[in-house]
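Have a look at the structure below, then the notes.
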Amino acid sequence: MRADFTRARDYALDRLANELSPHLTYHSLHHTRDDVLPACLRLAAASGVTDEDTLCLATAAAYHDTGFLYSYTEHEAHGIALARAVLPGFGYHATQIDTIALLIAATKMPQRPTTPLAELLCDADLDVLGRDDFWDMNRKLLAETGRYGKNGAVAEANWLDEQARFLQSHVYFSAAARRLRNDGKARNVTRMRRAIAAARGFDRENGAH
């Protein structure tokens, strides 16, 4: 029996569409279906990945955030458990499932991929850093973090500083992602610096200390 990617993908996306909390404004169906999965396929094609590896990569992309159906924390482990439970029914064999599990585990922050394939999934998961919609998606992440984060709502200035540091320190693992997204990421760093400068100027005008 051959792995049926279409059915496996549709199962994951249907559950994300129908069961995810609406308060997950960043880690939403859109993030998986419209961001990470297409980015994985784009990077795989640009990197000359084999069909077998692309199958595992795309499946891992479809399942990498399904753990949010169960828990905000340690969601990678929950996603791996779900993948192991359902993928045999879609014709995936044990070696493929083990590969998919390792790929999902690599997306845990801070990312620590140990294979070229895992590097591609990690880069796809943060593809937004180099896109023009970065700012809009970042605001959605801020809203989500305010609800689910350990310390509750995050002050605007603190959030901007933290995000700027992350952007400036982040390096895409794969040559394909660097080629496709580094210029856009540099533009987003500039935008973030301007936002920080504007926020500090507002604080000074209003006597904040």
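Any read-out appearing in this document is the output of simple, stated calculations on the displayed coordinates, not a laboratory observation. Note that this is a predicted model, so its numbers are computed, not measured. Virtual Cβ from ideal backbone geometry, glycine too; neighbours counted across all protein chains shown.
Sorted largest first, the spans of the alpha carbon positions of the stretch 120-183 along the three principal axes are 36, 20, 19 Å. Per-residue ellipticity at 222 nm, computed for the chain from helices alone with -39500 (n - 2.57) per DSSP H run of at least four residues, works out to -21000 deg cm²/dmol.
Can I get the semi-axes of the stretch 66-134's equivalent ellipsoid? Compute them from the C-alpha gyration tensor as square roots of 5 times the eigenvalues, in angstrom, largest first. The partial results should precede the final answer.
Numbers: eigenvalues 101, 45, 25 Å².
Calculated on Cα positions only, the semi-axes equal 22, 15, 11 Å.
Per-residue Cβ neighbour counts within 10 Å put 87, 103 in the sequence 87, 103, beginning with the fewest.
Based on the convex hull around the alpha carbon atoms, the stretch 5-205 presents an average projected area of 11.1 nm².
Extent along the principal axes, Cα only, for the stretch 4-68: 37, 23, 15 Å, with the longest axis given first.
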